[in-house]
Amino acid sequence: MDLLTALVDKGLRRESPTRDEALAVLATSDDELLDVVAAAGRVRREWFGRRVKLNYLVNLKSGLCPEDCSYCSQRLGSKADILKYTWLKPDEAVAAATAGVSGGAKRVCLVASGRGPTDRDVDRVSRTIEAIKDGNEGVEVCACLGLLSGDQAERLRAAGADAYNHNLNTSEGTYADITTTHTYADRVDTVRQAQAAGLSACSGLIAGMGESDADLVDVVFSLRALDPDSVPVNFLIPFEGTPLAKEWNLTPQRCLRILAMVRFVCPDVEVRLAGGREVHLRSMQPLALHLVNSIFLGDYLTSEGQAGQADLDMIADAGFEVEGADTTTLPAHRRGGEAPAGAGGDAGAGCGAHDTACGSCAHDGVPAQAATATATATAAPVASSSGSASGTGARTDLVAVRRRGAGTDLPPNA
């Protein structure tokens, strides 16, 4: 396909595709799917080889959020039967983080529900960051606490935080349809505050909320312009008890096309496969490793992921390798502060130059959209090229609320 040839050439040069080209990727047919994956895989290997970075979530404070994000199980008014607890003590957070690091995670993502932290909350999280760093040499720590104000980003950086996550989630044009208690501009401002403080910025999206192809392309191009180092891609799991409980719009094929589009638009950025992969990709998860170079290990914020060992087996069986502490995630031109060459197109600069962050650990529960499944779960019937899952049978049986790890007396899944 001439389209794929052009996209590979641009990706190898770190150039932006056009919006029409990005839309064309989403419109490809299922017959063309393996060609699309192979093309985007060439770009992924150019910048990240066959490495897969593992990240581990620690939910410091679960539920009880005053925000009304429609996709989130922790939202105001949620009827989802999730764990609810206030702040973990530092030693509890350290124990959870250490389990993830022992399982192979290179980065620990500290997440707390809520609109944003108070100064006292920042002090609390700072102590936790310091304790994790003291007990786990070389580990990266990302904070995800919601909207930042004042000097909070600088204080987190001084405590040892490496990164900050705050996802855009959806396009600016449709944001008010998803959330009313804060704005799209609030999210952009928080990412910029993190960058200004010297934190690695992480910001991504959620697919499957009923958005159009144009909405998906808009948010990914907005992310490219915002220039984070890490772009987590979440696939909505419609939790019972939330406003989007009936939005089962994704198939494995649709998810792979979305991931390929993100890779083409953000060729040399850490693209993280985040919440919802077990539910929507199911037995096709290994194909996604040809598009992304980062995943979460084990469980998510309020839902269970597949067994940590199953993640490690999947990576090895697919011919990839876990990225070790002695390997740097981002390409050299990003680590050294060199401006991305050829960052043309209509989005301006490339997707980031600061290092990777916490993927889907958004304060409003994006990783809670993940759910448990085995890597061999049966895939749904193939949908049309538009990606609609209507009539294919939603796999609600794959959604499991987390009942282990942080906030419980049971060991974590790592």
Taking the Cα centre of each part, how many Å lie between the stretch 31-82 and the stretch 1-20? 24
Net charge of neighbours whose Cβ lies under 9 Å from the Cβ of Thr28, counting Lys and Arg as +1 and Asp and Glu as -1: -3
Does the stretch 211-296 come out rounded, prolate or oblate, given a ≥ b ≥ c as the square roots of the eigenvalues of its C-alpha gyration tensor, rounded meaning a/c under 1.5 and, failing that, prolate meaning a/b above b/c? oblate
Applied in sequence order to the stretch 110-122, the curve 6.51 cos²θ - 1.76 cosθ + 1.60 (Karplus, θ = phi - 60°) yields integer Hz couplings, x standing for Gly and Pro, of 9, 10, 9, 5, x, 5, x, x, 7, 4, 5, 4, 4
Do you know the Lys pair count in the stretch 7-106 for C-alpha distances under 21 Å, with sequence separation 8 or more or different chains? 4
With a/c under 1.5 counting as rounded, go ahead and sort the stretch 1-138 into rounded, prolate or oblate using the C-alpha gyration tensor (a ≥ b ≥ c being the square roots of the eigenvalues; past the cut-off, prolate if a/b is larger than b/c, else oblate). prolate
Across the stretch 246-256, in residue order, what do the Karplus-derived ³J(HN,Hα) couplings come to in whole Hz, using 6.51 cos²θ - 1.76 cosθ + 1.60 with θ = phi - 60° and x for Gly and Pro? 9, 8, 9, 10, 10, 10, x, 5, 4, 4, 5
Got a sec to turn the phi values of the stretch 16-31 into Karplus ³J(HN,Hα) couplings, 6.51 cos²θ - 1.76 cosθ + 1.60 with θ = phi - 60°, whole Hz, x for Gly and Pro? 7, x, 7, 4, 4, 5, 5, 5, 5, 4, 5, 8, 5, 8, 5, 5
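Where a number appears in this text, it was derived from the coordinates with a stated rule and is not lab data. All values reported here derive from a predicted model rather than from experimental measurement. Cβ atoms come from the backbone with ideal geometry, glycine included; neighbour counts cover every protein chain shown.
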